[in-house]
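The values are calculated or read from the model by the stated rules, or taken from the named source; none is laboratory data. Here the structure is a predicted model, which means the values were calculated and not measured. Here the Cβ positions follow ideal geometry from the backbone for every residue, glycine too, while neighbour counts run over all protein chains shown.
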Amino acid sequence: MEAQIFIALMLAALVGVSLGLLGGGGSILAVPILTYVLGMDPREAIAASLFIVGITSAISAISHARAARVRWKTGILFGVAGMVGAFGGGVVGGFIPGVVLMILFAIMMVVTAIAMIRGRKSRAGGGSEGPGDLPTVRILIDGLLIGAATGLVGAGGGFLVVPALNLLGGLPIAIAVGTSLLVIALKSFAGLGGYLLSVRLDWPIVIAFTATAVAGSFVGVTLAGRIPEQALRRGFGIFVLVMGAFVLVQEIPTLLASFTVA
């Protein structure tokens with residue numbers, strides 16, 4: 001078990017680097033690590049990932065804010081809507097069988113990976129937050145839906161929020177990354193609140209994982225803007241796609257077996 005914990009902590013650094021650098025990908029990495037390396041129940045892994053990603057994102061957001069890469073009004077508007085959806089998703093997720101949650105999680109990974117590989121076109125200009133620039137109703141609706149996905153399966157946060165902020169708010173990609181971390185932190189804590197109604201966590205392991213992820217996030221923030229965004233996002237997208245396929249291969253036989261037994 002000690003070797004598993006050591007491996008998990010080493011991988012936790014990647015979770016932090018991903019969040020600090022890309023503004024997302026934390027739970028996409030954390031849930032499989034907690035499930036397959038540490039052997040956590042899927043619901044416990046999802047709840048733990050929400051805490052880990054929430055803390056790491058909040059600290060990374062502060063670092064990005066110091067570099068003027070956070071739009072507070074946009075982030076709070078999107079984040080509050082996401083908190084409502086995430087809490088509801090967390091409550092519902094606590095009562096769904098673990099194998100179903102993992103398959104939903106894998107599907108989210110595949111969809112996210114395809115979006116990352118295909119990429120998004122940035123809108124011109126767009127650092128402002130004037131009321132006329134932001135379709136508030138659509139941001140609230142998107143925030144609610146993405147929040148529900150985050151709370152339910154512990155994924156789909158940053159890599160959906162970043163393109164949404166980039167397209168809806170016209171934010172440059174670097175600012176969208178920083179702002180997404182604020183949104184992710186808000187949604188993660190709301191989703192965690194929903195899960196804690198029915199799930200208990202191994203706090204010493206969760207806190208150790210979180211501390212390592214936070215350390216990795218400082219590396220990610222430092223690298224932000226220095227690596228070509230398109231190449232990095234495509235490479236990470238391929239990695240996420242492979243991981244999503246791996247989770248499906250692991251979980252679909254279990255789901256089919258449960259139907260056979262029934």
> Identify, please: which residue in segment 61-72 is surrounded by 19 or more Cβ atoms within 10 Å (Cβ to Cβ) and of a type in the set (G, A, S) and is, among those, farthest from D142 (Cα to Cα)?
Replying inline: S63
>> Among the numbered criteria (1) out of contact with any Ser or Thr (no Cβ under 7 Å at 6 or more places or on another chain); (2) surrounded by fewer than 24 Cβ atoms within 10 Å (Cβ to Cβ); (3) in a helix (DSSP H, G or I), which one does G39 miss?
In response: (3)
> Which is among the small types (G, A, S), surrounded by fewer than 24 Cβ atoms within 10 Å (Cβ to Cβ) and touching a residue at least 40 places away in the same chain (Cβ under 8 Å), of A86, A58, A48?
Replying inline: A58
> Can I33 be described as assigned to a helix (DSSP H, G or I), over 25 Å from Q250 (Cβ atoms), modelled with pLDDT of 90 or more and not aromatic (F, W, Y)?
Replying inline: no
> Looking at segment 106-150, which of the residues that are within 20 Å of G178 (Cβ to Cβ) and among the hydroxyl-bearing types (S, T, Y) is modelled with the lowest pLDDT?
Replying inline: S128
> What single numbered condition from (1) surrounded by fewer than 18 Cβ atoms within 10 Å (Cβ to Cβ); (2) in contact (Cβ under 8 Å) with a residue 12 or more places away in the chain fails to hold for G75?
Replying inline: (1)
> What number of residues within segment 18-36 are more than 18 Å from V242 (Cβ to Cβ) and surrounded by fewer than 24 Cβ atoms within 10 Å (Cβ to Cβ)?
Replying inline: 0
